[in-house]
Amino acid sequence: MFHDMSHAMRERMAYMEKVDARDRLDGTPIAARLRQIPPETGKFLALLAASAPSGAVLEIGTSGGYSSLWLALACRQRGDHLTTFETSLSKVELAQETFRLAGVQDLVHIIHGDAVQLLPRYQQVAFCFLDTEKGLFRLCYDRVLPNLLCGGLFCADNAISHEEALEPFLEYVASDSQVDSLVVPVGKGVLVCRKA
């Protein structure tokens, strides 16, 4: 999967990594930044998504489409596609450019809209990655979980970097008998839940 990445995809990823690093150094306001995952998190998510059962692959919080590229790799391996949600029109447009330049438009369906409202429509979810406003984590989890397949995976970013803000959510998930969960110290910390 990683060995088969196209030059166009590698090039777009490198460009986005450079922009993200520059914006963090320049002190660009958080709302204007790409707010993307580090490469090691992308690889980790791609491995998980490629190993998930057959079903829908979802992402909540597209931003510029960087994490979507990693998930698109997994979808190509699975013979599947990714559905990703983003509320910011400017980021939807940037992500569309990312998908076009990386050559994965056929693998990714981006929805400009509120995932919280739209998630109940998605049945048979095999994999979901959550990277959005921290106050929405529990709402998104509660919308996805009823439709998550047995053996399906729900992952959320920032479980270590934003541990204090996410503490009530992390405790809620840890006490949920429907899933087995673990915070993995990759990147900014990834919460991984597997539905029993």
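The values are calculated or read from the model by the stated rules, or taken from the named source; none is laboratory data. Quick caveat: nothing in here was measured; it's all calculated off a predicted structure. All Cβ positions, glycine included, derive from the backbone under ideal geometry; neighbour counts span all protein chains shown.
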- Task: Report, by residue number, each residue of the stretch 123-133 that is of a type outside the set (S, T, N, Q), surrounded by 15 or more Cβ atoms within 10 Å (Cβ to Cβ) and either within 25 Å of H162 (Cβ to Cβ) or over 16 Å from the mean Cα position of the chain (by Cα) (or both).
- Result: V125, F127, C128, F129, L130, D131
- Yes or no: L89 among the aliphatic types (A, V, I, L, M), without any contact (Cβ under 8 Å) to a residue 60 or more places away in the chain and exposed (fewer than 15 other Cβ atoms within 10 Å of the Cβ)? yes
- Note on the structure: Scanning the stretch 31-83 residue by residue, the ones that are modelled with pLDDT of 95 or more and on the phi > 0 side of the Ramachandran plot total 4
- Which one of these is small (G, A, S), in contact with a strand residue (DSSP E or B) (Cβ under 9 Å, 6 or more places away or on another chain) and under 27 Å from V144 (Cα atoms): A46, A52? A52
- Item | Tally, over the stretch 134-163, of residues that are more than 15 Å from the chain's Cα centre (by Cα) and assigned to a strand (DSSP E or B) | 4
- Taking the condition over 13 Å from the mean Cα position of the chain (by Cα) and over 29 Å from A126 (Cβ atoms), does D4 pass? no
